[in-house]
Amino acid sequence: MSKNIVLKTEQGEEIPVADSAAPLKNKKNEVIGCVVVFRDITKEREVDKAKTEFVSLASHQLRTPLSSINWYAEMLIDEDAGKLNKQQKEYLAEIYKGNQRMVGLVNALLDVSRLEMGTFSIEPEKTSFTKLIEEQIKEQEPSAKKKKIEISEKIEKDLPEINIDPKLVGMIIQNLLSNAIKYTPAGGKIDIKLLKKEDQFEFIVSDNGMGIPKKQQDKLFSKMFRADNVRKTDTEGTGLGLYIIKSILDNTGGKITYKSEQNKGTEFHVFIPISGMKKKKGTKELG
Amino acid sequence: MEKDQKYTVLVVEDEIPLQNAIRDKLETNNFLVLTARSVEQAEKHLQDVDNIDVVWLDHYLIGGETGLDFLVKLKNNKNWKKIPVFVVSNTATTTKVASYLTLGADKYYTKSDYRLEQIISDIEVIMKSEKENEK
């Protein structure tokens, strides 16, 4: 059943409930009925909301000291306060990198809390999907080159513009591409495709990287999930990227599917209706 | 920017460590810097100094008024309304960004996502084109 079931009292008050059901069978093992149990989850919802709001507030407050570390490290690295020796430069570069990672994590946590509170906005505008992909490839090419990973793109020609929120779709492309780079060993290959299929756009990112273990695939889109094989090799991932992608698509009428085999690679397919996204007013934007 | 040309920037930022970092980086890049932590202080600078070329503006400030209130005052004053405004804040809600841009801010940056160098370089580009237009 849906996650958002409510029971209405005679007075019209709505109570959020969780449900579980079990079949009733006769001696011949035929199903003759069903027992459904509803449990009042008002308190759980309140606690969950308070937790999400706290994460949002804490993340926001963290941005000021993070900006301070960022800017002072930048000035030291630029030698605004005097010459540095090689070791000092290396140490500062680590401080800067560590701080950038923290900024990324705070931004991801803010995105998650906005998605969970439902306060994010959807601002569709006529957008070239192709251009969004090319921008992301350009941005991430340096990290792919560092690992000698080849990115090839196959984008259908003359695709029409589509009414989507460029920020949200940009986040989807960015997360899928950076995951593919992160989890593909040096010398690997990433293929990017964009095609129009009947009433939807299909965006595909495939790699010949580490893949996701079969027994963990059902948890792939859960919040903070990181597969056992990637935990061993990469300590930087947050486990929020795919959760954010799935939440965005669930909220905007899109869909994501995948195929993956450990040590062979992963393929993600994102479907976005050609009709685009519907505008949603919110107090916050993602990304 | 021409070598000896110095632009005057009014930095309106309430957090002292951030204000110091912005001031130092701007001065390294040959700008003259005035600082304020509240709308009141910022207005006083504008009244006292008549050659402020650009404003660097945060949203939350000391006192009851925000950067948005300051921008409204700036744009409603015939002497100040042409001064370019760069909003640099960590509270980037869609409505806020839209309000700043509608009211006439030139650009909006999320502090933690940008290097000082990047923002300053954007300011230089705008200042240069403003000067070109004046010629």
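Of these, A:Asp228, A:Asp218, A:Asp234, which one is farther than 28 Å from A:Lys154 by Cα, free of Cβ contacts under 8 Å to residues at least 12 places away in the same chain and in the same structural domain as A:Lys147 (by TED's automatic domain parsing)? Break it down into steps so the answer makes sense when it comes.
Details: A:Asp228 fails: free of Cβ contacts under 8 Å to residues at least 12 places away in the same chain; A:Asp234 fails: free of Cβ contacts under 8 Å to residues at least 12 places away in the same chain.
None of the other options fit; the residue is A:Asp218.
Residue-by-condition table, conditions (1) touching a residue at least 24 places away in the same chain (Cβ under 8 Å); (2) acidic (Asp, Glu); (3) in contact with a helix residue (DSSP H, G or I) (Cβ under 9 Å, 6 or more places away or on another chain):
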position	(1), (2), (3)
B:Tyr7	yes, no, yes
B:Gln19	no, no, no
B:Leu34	yes, no, yes
B:Val39	yes, no, yes
B:Asp48	no, yes, no
B:Phe70	yes, no, yes
B:Val87	yes, no, yes
B:Lys96	yes, no, yes
B:Tyr108	no, no, yes
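When the stretch B:100-112 is examined, which residues are found to be surrounded by 18 or more Cβ atoms within 10 Å (Cβ to Cβ) and not in a strand (DSSP E or B)?
Of everything in the stretch B:100-112, those that are surrounded by 18 or more Cβ atoms within 10 Å (Cβ to Cβ) and not in a strand (DSSP E or B) turn out to be B:Tyr100, B:Ala105, B:Lys111, B:Ser112.
Restricting attention to the stretch A:196-214, which residues are part of a strand (DSSP E or B) and modelled with pLDDT of 90 or more?
Step one: list which residues in the stretch A:196-214 are part of a strand (DSSP E or B), which gives A:196-197, A:200-207.
Selection gives A:Lys196, A:Gln200, A:Phe201, A:Glu202, A:Phe203, A:Ile204, A:Val205, A:Ser206, A:Asp207.
Residue under question is A:Glu135, and the condition is that it be closer than 17 Å to A:Ile173 by Cα, touching a residue at least 24 places away in the same chain (Cβ under 8 Å) and in a helix (DSSP H, G or I); does it hold? It would help to see each step written out before you state the result.
On the way: closer than 17 Å to A:Ile173 by Cα: yes; touching a residue at least 24 places away in the same chain (Cβ under 8 Å): yes; in a helix (DSSP H, G or I): yes.
Considered against the rule, which asks whether it is closer than 17 Å to A:Ile173 by Cα, touching a residue at least 24 places away in the same chain (Cβ under 8 Å) and in a helix (DSSP H, G or I), A:Glu135 comes out as yes.
Among the residues of the stretch B:81-97, count how many are assigned to a strand (DSSP E or B), in contact with a strand residue (DSSP E or B) (Cβ under 6 Å, 6 or more places away or on another chain) and either facing another protein chain (nearest Cβ under 10 Å) or at pLDDT below 95 (or both).
Within the stretch B:81-97, the first condition is being assigned to a strand (DSSP E or B), and the residues that meet it are B:85-89.
Applying the additional criterion that residues be in contact with a strand residue (DSSP E or B) (Cβ under 6 Å, 6 or more places away or on another chain) yields B:85-88.
Now restrict to residues that are either facing another protein chain (nearest Cβ under 10 Å) or at pLDDT below 95 (or both): B:88.
Result for the stretch B:81-97: 1.
Which one of these does B:Gln118 not meet: (1) within 14 Å of chain A (Cβ to nearest Cβ); (2) more than 24 Å from A:Tyr96 (Cα to Cα); (3) surrounded by fewer than 17 Cβ atoms within 10 Å (Cβ to Cβ)?
Result: B:Gln118 passes all but (2).
Just the residues that are in a strand (DSSP E or B) and either exposed (fewer than 14 other Cβ atoms within 10 Å of the Cβ) or out of contact with any helix residue (DSSP H, G or I) (no Cβ under 6 Å at 6 or more places or on another chain) (or both), please, taken from the stretch A:256-269.
Keep residues of the stretch A:256-269 that are in a strand (DSSP E or B), which gives A:256-261, A:265-269.
A:Thr257, A:Tyr258, A:Lys259, A:Ser260, A:Glu261, A:Gly265, A:Thr266, A:Glu267, A:His269 - these are the residues of the stretch A:256-269 that are in a strand (DSSP E or B) and either exposed (fewer than 14 other Cβ atoms within 10 Å of the Cβ) or out of contact with any helix residue (DSSP H, G or I) (no Cβ under 6 Å at 6 or more places or on another chain) (or both).
If the Cβ limit is 6 Å and pairs must be 6+ apart or interchain, which residue in the stretch A:59-73 that is more than 7 Å from every other protein chain (Cβ to nearest Cβ) pairs with which residue that is modelled with pLDDT under 90 and assigned to a helix (DSSP H, G or I)?
Partner pairs satisfying both residue conditions: A:Ser59/A:Val106; A:Ser59/A:Leu109; A:Ser59/A:Leu110; A:Leu62/A:Val106.
Could you go through the stretch A:127-143 and let me know if any residue there is surrounded by fewer than 14 Cβ atoms within 10 Å (Cβ to Cβ) and in contact with a Gly (Cβ under 9 Å, 6 or more places away or on another chain).
Checking the stretch A:127-143: not a single residue is surrounded by fewer than 14 Cβ atoms within 10 Å (Cβ to Cβ) and in contact with a Gly (Cβ under 9 Å, 6 or more places away or on another chain).
Has the stretch A:81-97 got at least one residue that is closer than 30 Å to A:Asp191 by Cα and more than 9 Å from every other protein chain (Cβ to nearest Cβ)? First the steps, then the outcome.
Narrowing the stretch A:81-97 to residues closer than 30 Å to A:Asp191 by Cα: A:97.
Those left that are additionally more than 9 Å from every other protein chain (Cβ to nearest Cβ): A:97.
Looking through the stretch A:81-97, at least one residue is closer than 30 Å to A:Asp191 by Cα and more than 9 Å from every other protein chain (Cβ to nearest Cβ).
Looking at (1) within 10 Å of chain A (Cβ to nearest Cβ); (2) in contact with a strand residue (DSSP E or B) (Cβ under 6 Å, 6 or more places away or on another chain), can you tell me which one B:Trp56 breaks?
Failing condition for B:Trp56: (1).
What number goes with the only condition from (1) over 27 Å from A:Ile190 (Cβ atoms); (2) within 20 Å of the chain's Cα centre (by Cα); (3) not hydrophobic (A, V, I, L, M, F, W, C) that A:Asp111 does not pass?
(1)
Exactly one condition in (1) closer than 26 Å to A:Asp250 by Cβ; (2) at pLDDT below 90 is not met by A:Asp158; state its number.
(1)
Go through the stretch A:23-56 residue by residue and tally those that are farther than 30 Å from A:Leu109 by Cβ and charged (D, E, K, R). Steps first, answer last, please.
Taking the stretch A:23-56 as the starting set, the residues that turn out to be farther than 30 Å from A:Leu109 by Cβ are A:23-38.
Adding the requirement that they be charged (D, E, K, R) leaves A:25, A:27-28, A:30.
Looking only at that region, the number is 4.
Quick one: A:Glu44 ticks every box in (1) part of a helix (DSSP H, G or I); (2) touching a strand residue (DSSP E or B) at 6+ places or on another chain (Cβ under 9 Å); (3) farther than 30 Å from A:Val112 by Cβ bar one, so which box is it?
Only one criterion is unmet by A:Glu44, namely (3).
The values are calculated or read from the model by the stated rules, or taken from the named source; none is laboratory data. On a predicted model such as this, the values are computed, not experimentally measured, just so you know. All Cβ positions, even for glycine, are placed from backbone atoms using ideal geometry, and neighbour counts span all protein chains on display.
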